[in-house]
Amino acid sequence: MAVVINPINPVAFSVFGLPVRWYALAYIAGFVIGYYLVKYLTKKDDAQIHLDKKQMDDLLTYVVMGVIIGGRLGYVLFYNLQFFIEYPLEIFALWHGGMSFHGGFIGVVCSTLLFAKKYKFPDKSSLRNALRILDVMAVAAPIGLFFGRIANFINMEVMGRATDSRFGIIFNGIPEYQYPRHPSPLYEAGCEGILLFIIMWLLYTKTKFNRTPGAIGGLLCVFYAIFRIFCEQFRQPDVQIGFLTSWGLTMGQLLSGVMFIVGLSVFVYSIRQNKIK
């Protein structure tokens, strides 16, 4: 039997009449907690790269810009290009929604490379320094994913496909959700958020992969891709795209498949480089 729940107001509270949405709070929570976790990991004696306060603050700025710019452009290019060609000014209307994780991920990688070029670290290779930073951020990334998926659920967006299972959700009073649907954002919060964080934490703290620049970051791509491809089995594809093939391939699965290959390649490259040295 499906679970019937009342919709949650997407506006958490207002400040001087201006609405503050749960989605914005999710981003803030992800950035703040991620900041302190990265700070903690880079302060440890055995850390492969150390960042002082100025560098941490600067890195946060780079990451925020990478997430916002990359996430938005990723959505424009991967999910709704025709619409934005017709209405180009809508690209800047972030409050209307529309962010892509894969685009945001690319944005963070690019911004981290720029950050690593800016500062002089003991290792003169900016690529290796960027990979070390990305390895640390790979531990924090699932935290932001968790909060983001919870916000998706509150906003009743990227919801799941129709189902007759007991896990189905009905939002009381919402016409398009008067039949049971998989709460796919909660599935993703569990897999891409909680479970992925546990895996990344254990890989970084309990294995020697953190000594190999790029290994942890590559494994983040691999595990995220696996979880995303699985969860997409329950998620309703975007209406403007639908399924890409007759057998049900979604854009999220396609992009995650590419991410899996890239992540595995980076992991193998990192391990081989470490052996050579």
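The values are calculated or read from the model by the stated rules, or taken from the named source; none is laboratory data. Given the structure is predicted, the values throughout are model-derived calculations rather than measurements. Backbone-built Cβ (ideal geometry, glycine too); neighbour counts: all protein chains shown.
Just one of the listed residues (GLY218, GLY190) is in contact (Cβ under 8 Å) with a residue 24 or more places away in the chain and under 21 Å from the mean Cα position of the chain (by Cα), namely GLY218. Hey, among the residues in segment 113-146 that are touching a Leu at 6+ places or on another chain (Cβ under 8 Å) and surrounded by fewer than 21 Cβ atoms within 10 Å (Cβ to Cβ), which one's nearest to ALA24 (Cα to Cα)? In this case the residue turns out to be LEU113.
Taken together, the criteria exclude ARG181 from residues that are charged (D, E, K, R), buried (at least 21 other Cβ atoms within 10 Å of the Cβ), over 15 Å from the mean Cα position of the chain (by Cα) and within 28 Å of ASP52 (Cα to Cα).
The number of residues in segment 2-34 that are touching a residue at least 40 places away in the same chain (Cβ under 8 Å) and under 30 Å from LEU51 (Cα atoms) comes to 9.
Each row is one residue, and each column tells you yes or no for (1) touching a strand residue (DSSP E or B) at 6+ places or on another chain (Cβ under 6 Å); (2) surrounded by fewer than 18 Cβ atoms within 10 Å (Cβ to Cβ).
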{"position": "ILE8", "(1), (2)": "no, yes"}
{"position": "PHE13", "(1), (2)": "yes, yes"}
{"position": "ALA24", "(1), (2)": "no, yes"}
{"position": "VAL38", "(1), (2)": "no, no"}
{"position": "THR42", "(1), (2)": "no, no"}
{"position": "ASP46", "(1), (2)": "no, yes"}
{"position": "LYS53", "(1), (2)": "no, yes"}
{"position": "THR61", "(1), (2)": "no, yes"}
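You will find that of MET156, MET200, the residue that is among the hydrophobic types (A, V, I, L, M, F, W, C) and either over 27 Å from TRP95 (Cβ atoms) or assigned to a strand (DSSP E or B) (or both) is MET200 and no other.
The residue that is surrounded by the fewest Cβ atoms within 10 Å (Cβ to Cβ), counting only those in segment 67-88 that are over 15 Å from the mean Cα position of the chain (by Cα), among the aliphatic types (A, V, I, L, M) and within 23 Å of ALA151 (Cβ to Cβ), is LEU77. I'd like to know if segment 183-197 contains one or more residues that are in contact with a strand residue (DSSP E or B) (Cβ under 6 Å, 6 or more places away or on another chain) and over 16 Å from ASN6 (Cα atoms). The answer is yes, given that some residue of segment 183-197 is in contact with a strand residue (DSSP E or B) (Cβ under 6 Å, 6 or more places away or on another chain) and over 16 Å from ASN6 (Cα atoms). Each residue in segment 226-252 was checked for being among the aliphatic types (A, V, I, L, M), within 19 Å of ASN152 (Cα to Cα), in contact with a helix residue (DSSP H, G or I) (Cβ under 7 Å, 6 or more places away or on another chain) and free of Cβ contacts under 8 Å to residues at least 60 places away in the same chain, and 1 pass. One residue stands out among those in segment 87-119 that are of a type in the set (Ser, Thr, Tyr) and at pLDDT 95 or above: the one that is farthest from VAL11 (Cα to Cα), which is THR112. Listed by position, the strands (runs of 3 or more DSSP E) inside segment 1-118 whose residues that are in contact with a helix residue (DSSP H, G or I) (Cβ under 9 Å, 6 or more places away or on another chain) and of a type outside the set (Ser, Thr, Tyr) number at least 2 are 11-15. Once segment 253-277 is narrowed to residues that are touching a residue at least 40 places away in the same chain (Cβ under 8 Å) and not hydrophobic (A, V, I, L, M, F, W, C), the residue that is surrounded by the most Cβ atoms within 10 Å (Cβ to Cβ) is SER256. Is at least one residue of segment 89-98 over 12 Å from the mean Cα position of the chain (by Cα), among the small types (Gly, Ala, Ser), loosely packed, with under 15 Cβ neighbours inside 10 Å and at positive phi? Yes - at least one qualifying residue is present in segment 89-98.
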